[in-house]
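Input: a single structure, listed below in structure tokens.
The values are calculated or read from the model by the stated rules, or taken from the named source; none is laboratory data. These numbers were taken from a predicted model, which means no experiment stands behind them. Cβ atoms come from the backbone with ideal geometry, glycine included; neighbour counts cover every protein chain shown. In case anyone asks, the SASA skips ligands and DNA or RNA and just uses the protein heavy atoms, side chains included. Shrake-Rupley method; radii C 1.70, N 1.55, O 1.52, S 1.80 Å.
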Amino acid sequence: MKILKTDNHSPDENVINEAIDVLANGGVVMYPTDTVYGLGADIFNNKAVRRVFKIKQRSLLKPLSILVSNTDAIDLVSKISIYQKNTIEKYLPGPYTFILKKSTIVPRVVTSGLTHVGVRVPNNQIACKLATLFPITTTSANLSNEEVLSTPEDILDQLGCDVDLVIDVGPLDSENASTIIDLTTPQPTVIRR
């Protein structure tokens, strides 16, 4: 495992490029978002996605969300209406995950076989740059059903296993994951605040 330190507000491009290389080669990266640290893998690499489930000790029946680089890229991973797009653009980038109907390119392993997918565009340039070549998984870097921690050291202690690379920007201000809003229902429904 490699730990690379950088600044969250003016990140070192070499750190980002190295992390993208790790992701492109099937690795798992721990990275900062606008809420908590996340675990990322290339969504098109089933082996890497399964590693994220294993690291989190998460049931394969519980889907992972997807992080894309900007709101225009949401069309790549979901079937989105103009109404949904207008709603999303009011909140993203930001600390929200929107549940949408998935597109056919999203692998079954990511969504646990469901017909919808959670999509994020965080207000964090590091996270968004990691997803410039392909969408990545976005799930809090913690064991399932355990406390979400704010420092890479504490998170790695809790996980008890190594990810391939950690982008360490120090403690994050938030210990709360993103708000989840379901847009597949007739009225938007808040699933998690």
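Among the candidates 66, 55, 74, the residue that is buried (at least 19 other Cβ atoms within 10 Å of the Cβ), under 10 Å from the mean Cα position of the chain (by Cα), of a type in the set (A, V, I, L, M, F, W, C) and not in a loop (DSSP other than H, G, I, E, B) is uniquely 66.
Rundown of residues vs (1) among the β-branched types (Val, Ile, Thr); (2) outside any strand (DSSP E or B); (3) out of contact with any helix residue (DSSP H, G or I) (no Cβ under 7 Å at 6 or more places or on another chain); (4) at pLDDT 95 or above, yes/no style:
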| site | (1), (2), (3), (4) |
| --- | --- |
| 110 | yes, yes, no, yes |
| 117 | yes, no, no, yes |
| 150 | no, yes, yes, no |
| 153 | no, yes, yes, yes |
| 176 | no, yes, yes, no |
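Taking the listed residues 80, 105, the one that is over 22 Å from residue 145 (Cβ atoms), among the hydrophobic types (A, V, I, L, M, F, W, C) and surrounded by 14 or more Cβ atoms within 10 Å (Cβ to Cβ) is 80, with no other qualifying.
Taking residues in segment 28-44 that are in contact (Cβ under 8 Å) with a residue 40 or more places away in the chain, and partners anywhere that are acidic (Asp, Glu) and surrounded by fewer than 24 Cβ atoms within 10 Å (Cβ to Cβ), the pairs with Cβ atoms closer than 6 Å and at least 6 places apart or on different chains are 28/164.
Only one residue in 166, 190 is in contact with a strand residue (DSSP E or B) (Cβ under 9 Å, 6 or more places away or on another chain), open to solvent by 60 Å² or more (accessible area, probe 1.4 Å) and either at pLDDT below 90 or assigned to a strand (DSSP E or B) (or both), so which one is that? Result: 190 is the single residue among 166, 190 that is in contact with a strand residue (DSSP E or B) (Cβ under 9 Å, 6 or more places away or on another chain), open to solvent by 60 Å² or more (accessible area, probe 1.4 Å) and either at pLDDT below 90 or assigned to a strand (DSSP E or B) (or both).
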